[in-house]
Structures are given as C-alpha cells and as structure tokens.
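K.L.:
Encoded as structure tokens, here's the structure I'll be asking about.
Derivation of every value follows stated rules applied to the coordinates shown; laboratory data play no part. As the structure is a prediction and not an experimental result, all values here were calculated from the model. Here Cβ is always computed from backbone atoms with ideal geometry, including for glycine, and neighbour counts include all displayed protein chains.
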Amino acid sequence: LFTVLRDNMQIFKHSADPEMMADLYCRLANGYTNTPTLRITWLESLSNLHTQTKRFAEAAMCNLHIAAMISEYLNIVQPTPGLPNGCDS
C-alpha cells in the first residue's frame with residue numbers, strides 16, 4: 001500500500017517527464033495485481049499516456065494486456081468447450 005501511495009504522489013511531481021510517468025503508471029498497475037479492475041484502470045491510463053506521446057506500439061501492448069485479462073476472466077466465469085482457454089486464444 002505504501003508503494004502505491006508513494007508512486008501516486010510521484011506522478012504529480014514528474015508530470016513533465018512522460019518516461020517517468022509511464023514507469024510510475026506501470027508500477028501502479030503492477031501494484032494492483034490482486035485487484036483486476038484497478039489494474040485495468042491503470043493500464044488504460046498508461047495506454048492513454050502512450051497514445052498522447054505517440055508511442056502507439058506501447059499503447060497497443062497495454063490494450064492487449066487488458067484484453068488478455070478480460071479473456072482469462074471470461075474463461076473462468078463461462079468456459080466454452082471447443083474454444084481456446086483464456087489467453088491461449
């Protein structure tokens with residue numbers, strides 16, 4: 001929890017440095033590995049930051065990670081025989 005709070009405060013301090021902000025967003029997203037909704041929120045924020053700085057490949061990777069998390073969740077909630085399992089698809 002301390003790391004999440006510290007990184008959150010650092011975002012405002014480094015708002016002029018997109019590289020540092022991206023690193024902080026990534027750390028925050030990783031800090032919420034046990035809370036998928038919050039992790040997706042931070043990955044979306046990271047994707048938006050990458051899009052604003054014209055780093056489209058990085059933004060796409062964030063969105064793919066979000067899609068993989070959703071795929072895993074849907075596979076757990078409602079597995080479908082005959083289709084690949086979660087991220088295998």
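K.L.:
All but one of (1) in contact with a helix residue (DSSP H, G or I) (Cβ under 8 Å, 6 or more places away or on another chain); (2) polar (S, T, N, Q); (3) surrounded by 11 or more Cβ atoms within 10 Å (Cβ to Cβ) hold for T33; state the number of the condition that does not hold.
P.N.:
Here T33 meets the rest and fails (3).
K.L.:
Right, another one. With within 30 Å of N85 (Cα to Cα) and without any contact (Cβ under 8 Å) to a residue 60 or more places away in the chain as the only criterion, which of L24, L49, L28 stands out?
P.N.:
L28
K.L.:
Does the stretch 49-59 include one or more residues that are β-branched (V, I, T), under 16 Å from the mean Cα position of the chain (by Cα) and surrounded by 14 or more Cβ atoms within 10 Å (Cβ to Cβ)?
P.N.:
Among the residues of the stretch 49-59, at least one is β-branched (V, I, T), under 16 Å from the mean Cα position of the chain (by Cα) and surrounded by 14 or more Cβ atoms within 10 Å (Cβ to Cβ), which makes the answer yes.
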